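The values are calculated or read from the model by the stated rules, or taken from the named source; none is laboratory data. Since the structure is predicted, the reported quantities are computational estimates derived from the model, not experimental observations. A quick note on method: Cβ atoms are made from the backbone with ideal geometry, for glycine too, and the neighbour counts reach across all protein chains shown. The accessibility values were calculated without ligands, DNA or RNA, using every heavy atom of the protein model including side chains. Shrake-Rupley method; radii C 1.70, N 1.55, O 1.52, S 1.80 Å.
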Amino acid sequence: MSHDYIRDWITVEDDDGNKKQFVVEALLAMEENTYALLRSEHELDHAIVMQVENEDDEQYLIGINDPLKKTMVLDAYEIAVEANPAD
């Protein structure tokens, strides 16, 4: 797969030191928090929702365990895409 058509790639390291690349599909600000919608470089049809935390001029991604919160973020993303479709 070519990375040329995708704008933002990040590398995420888990607690065990494993690194994986993700496409940043969207950043959404909701309820005083920021959420990232990520897609794996190998699983572009599956989205991961994580919360963005800022600490000491660094940003961290925190997993979301609440299924209602995940649904809320995905619904907001869907509404945003429908309101502003890509060219």
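Yes/no matrix, rows are residues, columns are (1) modelled with pLDDT of 80 or more; (2) not aliphatic (A, V, I, L, M):
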site	(1), (2)
4	no, yes
11	yes, yes
38	yes, no
47	yes, no
50	yes, no
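Taking the criterion of being crowded, with 16+ Cβ neighbours inside 10 Å and not hydrophobic (A, V, I, L, M, F, W, C), the residues of segment 52-76 that qualify are 69, 70.
The number of residues in segment 34-81 that are in contact with an Asp or Glu (Cβ under 8 Å, 6 or more places away or on another chain) and either more than 14 Å from residue 24 (Cβ to Cβ) or free of Cβ contacts under 8 Å to residues at least 12 places away in the same chain (or both) comes to 3.
For (1) hydrophobic (A, V, I, L, M, F, W, C); (2) farther than 17 Å from residue 77 by Cβ, each residue gets a yes or a no:
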| site | (1), (2) |
| --- | --- |
| 17 | no, yes |
| 45 | no, no |
| 49 | yes, no |
| 58 | no, yes |
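Give segment 35-49 a look and list any residue that's open to solvent by 30 Å² or more (accessible area, probe 1.4 Å) and either touching a strand residue (DSSP E or B) at 6+ places or on another chain (Cβ under 6 Å) or aliphatic (A, V, I, L, M) (or both), or say none. Result: 39, 41, 44, 47, 48. Taking the conditions exactly as written (over 13 Å from the mean Cα position of the chain (by Cα), at pLDDT 85 or above, surrounded by 10 or more Cβ atoms within 10 Å (Cβ to Cβ) and among the charged types (D, E, K, R)), does residue 32 satisfy them or not? Taking the combined requirement at face value, the residue does not satisfy it.
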